[in-house]
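First comes the structure, then the notes that go with it.
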Amino acid sequence: MSWMFDEHAHAGLEHLTAADVDAYDAKAQVDPVPDVQLLQQRGLSHRHVLIDFGAGTGALALQAALVCHQVIAVDVSPLMLTALRRKAAEQGVTNIKCAEAGFLTYQHRAPPADFVYSRNALHHLPEVWQVQALRRMGEVLKPGGVLLLRDLVYGFTPADTEAGIQTWLQAAPLSAAQGFPKHELETHVRSEFSTYTWLLEVMLDRTGFNIEASEFSASGIFAAYVCRKR
Ligand SMILES: C[S@@+](CC[C@H](N)C(=O)[O-])C[C@H]1O[C@@H](n2cnc3c(N)ncnc32)[C@H](O)[C@@H]1O
């Protein structure tokens with residue numbers, strides 16, 4: 001359909017170019033262990049299938065694969081999935097299936113999954129399409145299934161937004177060797193689609209999720225939601 005949102009075009013240049021993908025793990029420094037433990041506390045075990053949307057280079061997928069039956073790693077970036085496949089082969093992990101697709105295009109040809117996970121990917125979609133992505137994540141999840149959603153989501157009031165973003169930018173590391181420098185955070189604010197926590201919470205409700213727990217960074221930039229599909 002000509003009016004469909006182009007997920008690949010908005011996937012973030014840094015996820016589509018080889019040098020940036022090669023540098024991603026060192027820069028992002030993702031520790032997947034706490035989230036896998038959180039999922040285990042919600043019941044994730046060797047009987048279960050987990051779908052990771054926007055799986056990237058697979059930090060969570062590789063760790064979750066050790067404790068569940070299968071992980072389906074969905075990502076629009078072929079290069080990110082190549083990195084994930086390479087790491088899985090190096091680590092001898094054989095129960096991850098990669099799907100080169102987006103939130104809006106992934107076709108799930110299997111029984112509904114038990115768990116869905118997504119970290120720092122939903123903000124690549126504008127809000128209307130975030131709603132559709134949440135709806136589609138609900139469609140691939142069993143009733144009672146768990147969604148753990150993490151993203152950059154602004155916890156500010158409308159009036160506090162500018163000051164909150166300025167404070168975040170001022171705290172950015174000076175170089176890419178130490179993380180995401182200020183100009184990259186500015187790009188995020190300017191051209192990606194982080195929404196407000198109080199809007200995302202309505203979106204989650206309207207797409208059939210109950211929020212069971214939530215966590216917010218002191219900066220007002222990062223949020224996590226543990227949700228159960230109604
Ligand atoms: C910041 S990275 C996060 C990767 C991983 N979840 C992590 O926490 O390290 C964002 C990922 O989302 C993917 N992505 C962007 N837009 C997407 C979309 N519409 N559907 C699926 N994946 C998407 C990118 O290719 C990239 O791999």
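Each reported figure results from applying straightforward, stated rules to the coordinates on display, with no laboratory input. Because the structure is predicted, anything quoted here is derived from the model rather than measured. Cβ coordinates were reconstructed from backbone atoms using ideal geometry, including for glycine residues, and neighbour counts include every protein chain displayed.
The single condition among (1) near the ligand (Cβ under 8 Å from one of its atoms); (2) more than 17 Å from residue 119 (Cβ to Cβ) that residue 43 does not satisfy is (1).
Applying the condition of being more than 14 Å from the chain's Cα centre (by Cα) and of a type in the set (Asp, Glu) to region 106-153 and asking which residue is farthest from residue 230 (Cα to Cα) yields 127. In the set (1) aliphatic (A, V, I, L, M); (2) under 16 Å from the mean Cα position of the chain (by Cα); (3) surrounded by 18 or more Cβ atoms within 10 Å (Cβ to Cβ), residue 30 fails one condition alone, (3). The single condition from (1) crowded, with 20+ Cβ neighbours inside 10 Å; (2) without any contact (Cβ under 8 Å) to a residue 40 or more places away in the chain; (3) of a type outside the set (Val, Ile, Thr); (4) out of contact with any helix residue (DSSP H, G or I) (no Cβ under 7 Å at 6 or more places or on another chain) that residue 48 fails is (2). Restricting attention to region 145-164, which residues are β-branched (Val, Ile, Thr), outside any loop (DSSP other than H, G, I, E, B) and without any contact (Cβ under 8 Å) to a residue 40 or more places away in the chain? 161, the sole residue that qualifies. Restricting 155, 164, 144 to those that are at positive phi, away from the ligand (no atom under 16 Å from the Cβ) and surrounded by fewer than 21 Cβ atoms within 10 Å (Cβ to Cβ) reduces the list to 144. Restricting attention to region 66-83 and to residues that are within 15 Å of the ligand (Cβ to nearest atom) and not β-branched (Val, Ile, Thr), the residue that is surrounded by the fewest Cβ atoms within 10 Å (Cβ to Cβ) turns out to be 78.
Scan region 4-26 and give yes if some residue there is among the hydroxyl-bearing types (Ser, Thr, Tyr) and under 18 Å from residue 134 (Cα atoms), otherwise no.
no
Of all the residues in region 115-144, those that are assigned to a helix (DSSP H, G or I) and of a type in the set (A, V, I, L, M, F, W, C) number 7. The set of residues from region 84-104 being surrounded by fewer than 20 Cβ atoms within 10 Å (Cβ to Cβ) and in a helix (DSSP H, G or I) comprises 85, 86, 87, 89, 90, 91.
If the condition is being touching a Phe, Trp or Tyr at 6+ places or on another chain (Cβ under 9 Å), of a type in the set (D, E, K, R) and not in a loop (DSSP other than H, G, I, E, B), then region 1-57 contributes 14, 27, 35, 52.
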